[in-house]
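Please treat every number below as a calculation from the coordinates, not as lab data. All values reported here derive from a predicted model rather than from experimental measurement. Glycine gets a Cβ as well: all are built from the backbone with ideal geometry, and neighbour counts include every protein chain shown.
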Amino acid sequence: MRVFIYLSLISISFILSSCGNRKVDVQCLSLQRDPLYSTVRHVRISPLADILELKSYYITSFMNCDSINGIVAYNYRLHSLDLIDIAGKGISSIALQKEGPDGIPGRISGICPVSKDSIWLYDGIGMYLVDGTGHVYDKIDFQDRENIIIETNYAMCTARFFYNKENTSLLYLTERDSFAIEEYDVRNKCIINKYPLSYSLVNPDGEQVYGDMYHPNVNFADEKIIYNYPYESSIYVLDMNSGEQSVITANSAFTSNIADKCTSNGYSVWERHRIENIHFFDVMYLPESQLFVRLHLSGVVFDARQPILSVLDGKSLYMSVFDKEFHTMGELKLEDRRYSLFTGWCALANSLLLFNDNSLSDSVDYDRLNVDIVTPAFTPFD
């Protein structure tokens with residue numbers, strides 16, 4: 001089997017002036033002319049005037065419920081949640097308060113939607129369950145929140161949290177003496193399980209010798225904890241039912257698979273290390289196709305004469321595809337200078353959404369929010 005990557009582009013434009021009737025314009029184009037044919041849908045939407053346009057979102061989550069097939073994204077400028085319908089039906093916004101009984105004072109670092117009226121949020125201070133109006137109807141104040149790691153940071157890690165409907169519990173990464181996933185019972189307000197995570201095979205003592213890249217990336221799928229370390233290519237899987245843990249060799253054919261060590265401290269030193277080295281992001285699950293995808297960045301030569309943003313946006317982005325048993329199905333180099341490399345993507349039911357937002361792009365569209373939807377598909381070898 002070989003992997004075929006089908007690309008779909010959905011360009012969503014938001015006109016910020018006051019608007020009346022909503023106009024939707026759909027047309028089909030082609031991004032590639034080869035057996036990996038592409039279907040492109042161009043969608044133009046006039047949103048509500050009070051929704052501020054962003055070119056990309058760095059904290060997102062897939063939402064496939066309540067007739068919504070799209071993503072919920074944190075709008076850090078407005079401190080709100082933007083619900084974006086992938087089919088182009090529209091965009092709506094849930095305003096979040098910073099004070100009062102519905103107050104969420106901190107910047108959101110994690111999103112886990114259960115339904116449109118039940119969305120769990122984490123802001124580094126507490127966990128909040130909000131409805132479709134932004135009303136907070138449940139809140140968890142963690143006494144040891146300094147040990148909780150729920151983060152989406154392009155330089156450090158992508159550690160997501162998860163709501164288990166069956167157990168009415170929340171699962172999230174913690175660091176005390178070592179890394180572990182804690183399971184918190186929402187009804188009884190207590191920790192009911194703890195799942196220890198192993199350190200990386202290339203860093204068995206868990207030393208902070210890779211600059212910013214210290215904490216593991218964490219994701220969840222089918223009663224499994226899937227984690228990996230940004231500085232190397234292996235994937236680690238922990239079965240929460242059996243306690244069995246496995247390590248998968250998931251090397252890239254395009255780049256190095258282990259970052260260089262960085263034993264010096266200081267922001268400028270770590271920034272250069274971040275630029276010159278690879279970075280592996282979290283392993284994301286596509287539930288409809290039962291595939292896993294992982295993105296990673298190449299390293300580039302550090303050039304002190306160039307703006308840092310330009311150097312970072314010049315990195316190459318790669319996507320690896322794995323089946324449900326974590327066999328490698330294929331790897332693809334994505335188009336350079338096209339995507340937001342600051343975690344500007346989101347896993348969907350059977351595809352990956354990436355925001356078109358790169359400072360080096362020659363075709364910047366200031367009037368639209370543009371995304372590519374990359375869908376893995378398979379065909380036998382000829």
Once both label points are put 7 Å beyond Cα along the C-beta direction, the Ser363-Ala155 separation in nm becomes 3.2
Check: in the range 138-270 the Lys pairs 8 or more apart or on separate chains whose Cα atoms fall under 21 Å apart number 6
Here, Ser242 and Tyr137, labelled 7 Å along Cα→Cβ, have an inter-label distance in nm of 3.9
Once the in-chain neighbours fewer than 8 apart are removed, the lysines whose Cα is under 28 Å from Lys55 read Lys23, Lys89, Lys98, Lys116, Lys315, Lys333
Residue separation between Glu325 and Ala253 times 0.36 nm, minus their alpha-carbon distance, gives in nm 24.0 nm
Listed with the fewest Cβ neighbours within 10 Å leading, Trp270, Trp120, Trp345 appear as Trp270, Trp120, Trp345
In nanometres, the difference between 0.36 nm per residue of separation and the alpha-carbon distance of Arg187 and Lys165 is 6.7 nm
From fewest to most C-beta neighbours within 10 Å, the residues Ile86, Ile94 line up as Ile94, Ile86
For Arg176, the net charge from surrounding residues (Cβ-Cβ under 14 Å; K, R +1; D, E -1) works out to -3
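Restricting the count to DSSP beta bridges whose residues both fall in the range 122-234, what percent are antiparallel, rounded to a multiple of 5?
Within the range 122-234, antiparallel bridges account for around 95 percent of the total.
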Taking a label point 7 Å from the Cα of Ile308 along Cα-to-Cβ, the residues of the range 331-353 whose backbone nitrogen sits under 20 Å from it are 340-344
Neighbour-count ranking for Val114, Val186 (other C-beta within 10 angstrom, fewest to most) reads Val114, Val186
